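A.B. asks: I have a structure here, written as structure tokens, and I will follow up with some questions on it.
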Amino acid sequence: MTTLFINIISKKKQVLLSIVLVFVTAGVCHTFSSYVGYRVIGFILLVTVSLIAMFFDIVPVLLAAVFSALIWDFFFIPPFFTFQVGSAEDSILLLMYFVVALISGVLTFKIRQIEKIARQKEEKAKTVKLYTILFNSLSHELRTPIAAIIGATDNLQNNNERLTPQNRHDLIGEISKASFRLNRQVDNLLNMSRLEAGFIQPKKDWCDINELIYHVIERIEENTVSQKITVNINPNMPLCKLDEGMLEQVLYNLLNNAVLYTEAGTRIDVIANIHADVLELIIEDDGKGFPEEEIPYVFDKFYRLKNSAAGGTGLGLSIVKGFTEAQGGTVRLENRSTGGVRFSIEMISETSYIQNLKNE
């Protein structure tokens with residue numbers, strides 16, 4: 001917040017505001033001067049200068065210290081309405097006030113500068129760490145499919161006459177899978193950049209949840225999955241008004257994550273229901289689940305489980321969280337008591353009036 005004030009408000013406005021604050025404080029104190037001694041008023045003005053030092057630059061702070069000392073002397077220290085000081089004690093008190101106000105303002109400003117430098121170093125270290133993680137992930141995730149595409153196309157070009165139809169079919173299949181994997185990583189990076197930039201604005205329209213879920217499953221099964229995916233959807237599910245593209249990406253990332261990190265033969269259940277105006281989507285499996293100590297971090301950007309196999313950028317679940325929250329929904333992860341993991345998504349959605357009449 002301090003940085004926000006300094007960056008948004010110009011130096012001239014800071015000077016003006018600091019002087020106004022000092023005069024306003026002095027005016028309030030003057031109103032109650034018959035009840036409060038001038039020494040107490042001095043402390044109040046000193047606190048005002050300290051507060052100004054917390055939010056404004058050094059020049060406005062020094063000016064506030066000077067003006068507050070002059071105002072205190074002129075209006076509150078006897079004799080009134082003169083810069084003369086009636087006693088040696090008050091002279092020392094005024095001098096000490098001026099020194100303390102300056103030191104307080106300067107020290108507060110210095111502390112703020114030190115905090116800013118420390119914050120910049122922390123942000124730089126975090127950026128370097130994220131860059132390293134991203135570079136290491138992408139060096140594998142992008143290089144692997146690119147190498148597969150290059151190898152397959154090289155075989156098709158140089159050994160075309162010696163390849164059987166089955167060989168060509170297999171090589172084309174490798175190119176297709178590698179291209180799909182490469183496209184998925186690029187999509188994740190683009191989606192994350194949109195989330196980071198704050199450009200995500202849901203474009204809500206009527207959506208058939210049943211149709212959407214089966215479409216996502218078809219996309220997943222194009223790569224010949226070894227898990228068993230079952231669907232359980234309320235037959236009276238109405239049309240829902242939401243961003244179909246975002247929800248499709250959320251479901252795809254969750255299903256793809258389940259396929260990538262569960263063993264062959266694992267059962268994956270997709271459940272959809274609606275309660276009043278709350279859409280509930282559940283994707284669960286009977287695999288090994290997540291380590292309990294790592295569950296709080298799985299939605300963090302670039303986070304990957306400690307014992308997970310190589311590969312992956314750690315963006316899939318962070319995009320799930322970002323896209324869900326962009327539509328005003330929530331996503332929750334928990335391990336099932338019977339084994340495996342459950343992802344639960346809830347979001348408020350307007351439902352179709354026509355479908356509601358049909359349900360009645």
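A.B. asks: Could you list, in sequence order, the residues of the range 266-304 that are modelled with pLDDT of 90 or more and surrounded by fewer than 17 Cβ atoms within 10 Å (Cβ to Cβ)?
C.D. replies: The answer is Arg267, Asn273, Val278, Glu280.
A.B. asks: Taking the condition of being touching a Phe, Trp or Tyr at 6+ places or on another chain (Cβ under 8 Å) and within 12 Å of Val100 (Cα to Cα), how many residues in the range 42-60 meet it? First the steps, then the outcome.
C.D. replies: First, the residues of the range 42-60 that are touching a Phe, Trp or Tyr at 6+ places or on another chain (Cβ under 8 Å): 42, 45-46, 53, 55-58.
Still in the list and also within 12 Å of Val100 (Cα to Cα): 42, 45-46.
Residues that pass the stated criteria total 3.
A.B. asks: Only one residue in Leu333, Leu254 is in a strand (DSSP E or B) and at pLDDT 90 or above. Which one?
C.D. replies: Leu333
A.B. asks: Continuing with the same structure: Quick check on the range 341-349. Is at least one of its residues at pLDDT 85 or above and touching a Cys at 6+ places or on another chain (Cβ under 6 Å)?
C.D. replies: Within the range 341-349, one or more residues are at pLDDT 85 or above and touching a Cys at 6+ places or on another chain (Cβ under 6 Å).
A.B. asks: If we keep just the residues of the range 102-148 that are among the small types (Gly, Ala, Ser) and modelled with pLDDT under 80, which is farthest from Phe180 (Cα to Cα)?
C.D. replies: Applying the filter and picking the extreme gives Ser104.
A.B. asks: Tell me the residue from Asn236, Asn223 that is loosely packed, with under 15 Cβ neighbours inside 10 Å, touching a residue at least 60 places away in the same chain (Cβ under 8 Å) and part of a loop (DSSP other than H, G, I, E, B), please.
C.D. replies: On the way: Asn223 fails: touching a residue at least 60 places away in the same chain (Cβ under 8 Å).
Of the residues listed, the single one that is loosely packed, with under 15 Cβ neighbours inside 10 Å, touching a residue at least 60 places away in the same chain (Cβ under 8 Å) and part of a loop (DSSP other than H, G, I, E, B) is Asn236.
A.B. asks: Go over the candidates Leu279, Leu251, Leu247, Leu255 one by one and state the one that is touching a Phe, Trp or Tyr at 6+ places or on another chain (Cβ under 9 Å) and outside the structural domain of Ala178 (by TED's automatic domain parsing).
C.D. replies: Among Leu279, Leu251, Leu247, Leu255, only Leu247 is touching a Phe, Trp or Tyr at 6+ places or on another chain (Cβ under 9 Å) and outside the structural domain of Ala178 (by TED's automatic domain parsing).
A.B. asks: Name the residue, out of Leu171, Leu195, Leu212, Leu156, that is modelled with pLDDT under 80 and either touching a helix residue (DSSP H, G or I) at 6+ places or on another chain (Cβ under 7 Å) or part of a helix (DSSP H, G or I) (or both).
C.D. replies: The conditions single out Leu195.
A.B. asks: I need the full set of residues from the range 215-232 which are among the hydrophobic types (A, V, I, L, M, F, W, C) and modelled with pLDDT under 90, in order please.
C.D. replies: Scanning the range 215-232 gives Ile220, Val225.
The values are calculated or read from the model by the stated rules, or taken from the named source; none is laboratory data. Here the structure is a predicted model, which is why all the values come from computation and not from measurement. Note: ideal-geometry Cβ built from the backbone for every residue, glycine included; neighbour counts use all protein chains shown.
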